[in-house]
1. Look at Leu24 and say whether it is part of a strand (DSSP E or B), under 20 Å from Ala124 (Cα atoms) and out of contact with any Ser or Thr (no Cβ under 7 Å at 6 or more places or on another chain).
2. I'd like the full set of residues that are more than 30 Å from Gly15 (Cα to Cα), at pLDDT 90 or above and touching a helix residue (DSSP H, G or I) at 6+ places or on another chain (Cβ under 8 Å), limited to the range 74-113.
3. Looking at (1) closer than 28 Å to Glu117 by Cα; (2) assigned to a helix (DSSP H, G or I), which is the only condition Ile5 fails?
4. One residue is enough: does the range 27-38 have a residue meeting the conditions touching a Cys at 6+ places or on another chain (Cβ under 9 Å) and part of a loop (DSSP other than H, G, I, E, B)?
5. Residue pairs, Cβ under 8 Å, 6 or more apart or interchain, first in the range 32-52 and without any contact (Cβ under 8 Å) to a residue 12 or more places away in the chain and within 25 Å of Leu77 (Cα to Cα), second part of a loop (DSSP other than H, G, I, E, B) and among the hydroxyl-bearing types (Ser, Thr, Tyr). List them.
6. Residues in the range 67-87: is at least one of a type in the set (D, E, K, R) and under 13 Å from Ala118 (Cα atoms)?
Amino acid sequence: MAIGIVRQVDLDQAGALARLKDALKENKWGVLSDIDVRAILKEKLGVDTDEYHILDVCNPVMANRGLKASKQAGLVLPCKMVVYVEGGKTNVGLYLPTKQLPEELRSVSDLRKLSEEAESSLKAILSSL
C-alpha cells in the first residue's frame with residue numbers, strides 16, 4: 001500500500017519547484033514552507049546531496065473545514081509534497097492525504113471526505129505538471 005505518488009517531470013529542479021508553486025496557487029493552495037533539505041544537510045552536516053525540497057501545502061478553506069470538524073485535524077495539516085532530483089531526473093511527489101489520516105480520525109465523516117477532496121485536488125495539480 002503506497003503512502004504517496006511520485007511523478008517524474010521534464011523540468012529541472014528549479015523549474016519543477018516554480019511550476020508546482022504556480023499550479024498550487026492557481027488552485028487555491030498555498031505553500032506554508034519550503035524546506036531546502038540540501039541546504040540544511042550542507043550547513044548542519046557538511047554533506048553534498050542532490051536537490052530535495054519538502055513543501056508544506058495548505059488550502060485555507062479545506063483547513064478551516066477540517067478544524068471545524070475536529071481540532072485533531074491539525075495533527076495531519078498541512079499536506080506534504082516533495083521535489084527532488086534522483087539519478088539526474090526531477091521528481092515531484094505527494095504524501096496522500098487519505099493515507100496520513102489516522103484511523104481514529106477516519107471515523108469523522110467530514111474529515112474522511114475532506115482528505116479525499118484534498119487528495120483529488122493535489123493529484124490533479126501533480127498531473128498538470
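1. When the stated conditions are applied, Leu24 does not pass them.
2. The one that is more than 30 Å from Gly15 (Cα to Cα), at pLDDT 90 or above and touching a helix residue (DSSP H, G or I) at 6+ places or on another chain (Cβ under 8 Å): Gly74.
3. With respect to (1) closer than 28 Å to Glu117 by Cα; (2) assigned to a helix (DSSP H, G or I), Ile5 is out only on (2).
4. Yes; the residues of the range 27-38 include at least one that is touching a Cys at 6+ places or on another chain (Cβ under 9 Å) and part of a loop (DSSP other than H, G, I, E, B).
5. Listed pairs, sorted by first residue: Leu41/Thr49.
6. Keep residues of the range 67-87 that are of a type in the set (D, E, K, R), which gives 68, 71, 80, 86.
Next cut, under 13 Å from Ala118 (Cα atoms) only: 80.
Looking through the range 67-87, at least one residue is of a type in the set (D, E, K, R) and under 13 Å from Ala118 (Cα atoms).
The values are calculated or read from the model by the stated rules, or taken from the named source; none is laboratory data. Just so it is clear, the structure is predicted and the values come from calculations on it, not from any experiment. Backbone-built Cβ (ideal geometry, glycine too); neighbour counts: all protein chains shown.
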